[in-house]
Amino acid sequence: MMNTMGDERILSIYKASRSIKKRENSLYNALCSIFDDSVFVAEIAQLWPELPLVANLRCGLWYSKRFHHNCYFKSTDGHTNNLSFNTSRLNLHLALLAGQKGGCIIVDSTRKGKRFPDSMSKTIPIWACVMNRAISNHKNRMRGSVSVVEGTTNNHKENTEQDLLSWDCSLHLPLWVPPAERMAIENHLEEWTKQLETSGADITPLLSILKKPLRPLWISQKSVIWLNEVPDHESWDFTPLILVSASSSNGYLQQRTASEFSWNYIPGAGDDEESWARGLSPTLFWNNAIELISSGPDQCNQKVADIVEKDRVYRAQRGHNAPQISIKSLKSFGNIDNSHSEEILLDLKSTDTRSGENLSRDDSKVCWLGSSNIAVCSTQLAVNAFDVDSILNCDQEAFSACLKDQEACMHLPIVNSKFDRFSLLRNLPSAVSFANSQLEKGKKLLVCCNTGEDISICVCLAILTSLFTVEGKYNSIFEK
């Protein structure tokens with residue numbers, strides 16, 4: 001009897017703590033926290049108005065109504081014992097933008113009680129250092145080739161050598177990164193630089209656009225800035241990457257008041273939007289920010305639901321004109337002339353898997369990619385799909401398809417990159433090979449994943465670029 005009462009007491013305490021945490025992390029608290037932090041971001045942006053404001057996806061995108069551009073640096077690439085330089089996220093556009101504008105301001109945030117996310121503490125500093133080293137190496141190689149050209153003047157040689165000597169290739173990390181971790185990063189810099197140089201990325205445009213080496217600077221809500229002594233970014237001998245951590249890092253609960261409503265502050269509220277945003281996007285939030293903040297905690301959820309539904313209907317109505325995607329075949333670039341190298345547009349025709357009629361509801365669509373005989377949808381719709389001959393299931397869960405030939409169904413359990421970053425890469429050869437075996441027989445292929453909007457899209461792009469010419473025509477990988 002006592003044990004039962006004890007278990008019930010523990011359970012009630014657990015439920016109470018969960019309920020309190022749920023209230024603290026409510027949608028209204030998150031939106032108010034984001035709105036509050038955006039004021040700080042706007043203040044920093046005003047200190048250097050000439051520099052473009054850049055959001056580090058996806059969290060950073062919540063903290064301002066207007067961004068000039070975005071970038072993608074993952075915190076996991078900077079985690080201790082998992083340090084890496086990822087050639088699939090080179091962010092070359094950011095280096096070009098910084099070179100053109102003389103620097104940039106990058107916005108991100110974190111929920112973990114730290115002043116800065118690891119993307120800012122380590123991932124971006126590593127990226128900047130590797131970029132600087134690769135550019136320096138490229139300039140050295142160019143200097144060697146220029147020196148053998150007849151007519152090169154001594155003055156030109158001296159200027160080139162001086163530029164190389166002043167080009168900073170050292171690693172710049174914040175003070176809170178421990179010495180042991182700094183040493184571990186420095187030990188990998190040569191390896192990462194070679195990875196960049198052998199990745200096939202063209203950094204030649206950076207040689208003329210980036211006049212000064214990249215270097216990160218860190219600003220948080222705890223930073224002290226004397227407004228009458230803000231330096232001009234052009235006065236620095238480097239191209240600044242001003243890393244702004246939008247949220248306060250205080251670990252204790254802060255209750256704040258806006259208008260007649262009080263709310264609990266959530267550091268890094270924009271992080272992990274799938275768990276709290278209820279379909280709301282940063283764009284929708286900022287288009288309706290005042291209305292949402294003034295609605296109060298009791299009405300906020302319903303307001304968000306109404307806004308999301310209104311946007312869904314609006315997009316569905318506009319969908320009467322099928323959207324288009326542009327593709328280029330990597331396979332065919334080497335053997336065609338320039339007159340045939342323009343992009344090919346594929347109409348995305350949406351049909352109901354049950355009746356074949358065009359629909360306006362986004363959750364009932366199978367999208368056919370032009371005349372490619374390839375369609376894409378969610379696993380839920382693929383189970384009952386009738387107008388297809390073969391199915392490539394990229395979901396983790398297998399299912400029995402309604403196909404005449406059961407061998408025309410392949411299951412590749414590809415997991416999200418958060419759990420296995422190489423899962424998609426490992427399975428792409430099998431996916432392309434299976435697609436080729438079906439398409440060469442003239443069969444209609446359906447590619448599906450859990451949502452129909454993530455892994456299946458990547459697989460379709462791989463199939464299109466591998467098996468189709470730039471004219472959009474199927475071309476078997478076994479043809480010579």
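Values in this text are rule-based calculations from the coordinates and carry no lab data. In this text, all values refer to a predicted model and were calculated from it rather than measured experimentally. Note that each Cβ is placed from the backbone with ideal geometry, even for glycine, and that neighbours are counted across all protein chains shown.
What ranking, highest mean first, results for peptides 297-304, 441-448 when packing means the other Cβ atoms within 10 Å averaged over each residue?
Ranked from most to least packed, the peptides come out as 441-448, 297-304.
For the stretch 19-301, give the magnitude of the charge dipole about the Cα centre (Cβ charges: +1 Lys/Arg, -1 Asp/Glu; no others), in debye to the nearest 20.
Its charge dipole is roughly 440 debye.
What fraction of the DSSP beta bridges in the stretch 19-301 is antiparallel, stated in percent and rounded to the nearest 5?
Restricted to the stretch 19-301, the bridges split so that about 20 percent are antiparallel.
Could you give the distance between the Cα centres of the stretch 438-480 and the stretch 165-232, to the whole Å?
Using only Cα atoms to place each centre, the spacing works out to 40 Å.
So for each of 415-425, 375-385 I average, over its residues, the number of other beta carbons within 10 Å; can you give me the resulting order with the highest mean first?
375-385, 415-425
Just subtract the alpha-carbon distance of H411 and S235 from 0.36 nm times their residue separation and send over the number in nm, one decimal.
Residue separation times 0.36 nm, minus the Cα-Cα distance, leaves 57.6 nm.
Work out Dmax and Rg for the stretch 19-301 from the C-alpha atoms and quote the Rg first, both in angstrom.
21.3, 78
Net charge within 14 Å of M183 by Cβ-Cβ distance, Lys/Arg positive one each and Asp/Glu negative one each, not counting M183 itself?
After counting each charged neighbour, the total is -1.
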